Ligand SMILES: [Cu+2]
């Protein structure tokens, strides 16, 4: 609170003193109570008995509260920052104005430290599994932004919901206590612990099921930097939506693979009684805690794990039939975007460039409202990048020359040394951020803006 705000609030101090929280330094006076209030504050999170992670989180819990909205309805959300650094929350996967989107690069205001607050107003759309998370720079500070517990589920329910299921579970994958591993020529980030929601494997409540039930899983990869692949021995996942958008061809698969920020909706038919581990297929990550127990009624004993027959998760699997002519339409405007690392000297992270330039030097690319664009991601690196376009949904068109049709997403994993094509209609004027969702890549320059002419 600055001096002016302090004076303005003096009369309220007597009242405020009786309250638990001090008067708030509102950037804009809040006229009415918000529908939701999110307080960002430090917490001690117990991810297993005696294993405490010191982090920051929303409303004292990880993930933050499930925000459930009705498609097409207006919502107000207050964000209050009780940490000691500026922070901002991004509403990931929504088609909302730049000012409300929660990215300072697009002009959304951050919340000042020590009680600074911000009110967000928007119409909830499109329907589907979205999420919200800190969108602040972290750099080498692995206690900020997506390295923390600052993430939560945001579900926008459609006007009519045809899905049939007996139980619904929201699962967020996260890695904790990141540290920098010095490499010979470049640095990497590793983690001490992994969790699904707030608990390591074996320490959370199991998902209790009965034979014949259909369990709907909403899985979010909220890891700052790691891809994750899950399996459930003896079961398959019927994938119904990617990034919250129904897929053209729901298909049974052995694994769910998610890059940072990706979401998968999948239904699992419970038809193999037992006690099972739903977990990371990577043994080290599963042992670090990434998993949870699925327990059938009247079954006891240690949870069983076995590796899946294969890792069969590919975007193409869920595609609509491929048309005979896959050439881009004549009126589609192509935008090639080349991703390359720039060696930054020994002992530092690589920097990342899009068409040769790193943020903030990259010039915004102009879009014309109503035009259809094809982004051609040319990943000339040995890293898989989960690239994210704000405020829009795109259609996957090809992955490494394999055509895809009708799969709608807001993040796509672009394979190494290959081209990935997506198409979208410029239908939401305003500054639009595009970046790699791998926190360290994003912080090392892998970011640019689109703007409307
Ligand atoms: Cu990246």
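Figures for the structure shown
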item	result
Residue in segment 297-306 that is part of a loop (DSSP other than H, G, I, E, B) and in the same structural domain as residue 376 (by TED's automatic domain parsing) present	no
Residue list for segment 311-346, filter: modelled with pLDDT under 95 and within 29 Å of the chain's Cα centre (by Cα)	341, 342, 343, 344
Neighbours by Cβ (under 8 Å, 6+ apart or cross-chain): first from segment 93-105, farther than 13 Å from residue 79 by Cα; second assigned to a helix (DSSP H, G or I)	94/101; 98/106; 99/106
Residues of segment 321-342 that turn out to be assigned to a loop (DSSP other than H, G, I, E, B) and either exposed (fewer than 13 other Cβ atoms within 10 Å of the Cβ) or within 16 Å of the ligand (Cβ to nearest atom) (or both), as a count	9
Test: residue in segment 139-149 that is surrounded by fewer than 17 Cβ atoms within 10 Å (Cβ to Cβ), in contact with a helix residue (DSSP H, G or I) (Cβ under 6 Å, 6 or more places away or on another chain) and part of a loop (DSSP other than H, G, I, E, B)	yes
Residue among 189, 196 that is under 22 Å from the mean Cα position of the chain (by Cα), under 16 Å from residue 151 (Cβ atoms), outside the structural domain of residue 416 (by TED's automatic domain parsing) and touching a residue at least 60 places away in the same chain (Cβ under 8 Å)	196
Wholly within segment 377-450, strands (runs of 3 or more DSSP E) carrying at least 3 residues that are more than 13 Å from the ligand (Cβ to nearest atom) and surrounded by fewer than 23 Cβ atoms within 10 Å (Cβ to Cβ)	394-399, 418-425
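The values are calculated or read from the model by the stated rules, or taken from the named source; none is laboratory data. In this text, all values refer to a predicted model and were calculated from it rather than measured experimentally. Quick reminder, even Gly has a Cβ in these numbers, built from the backbone with ideal geometry, and neighbours come from all protein chains shown.
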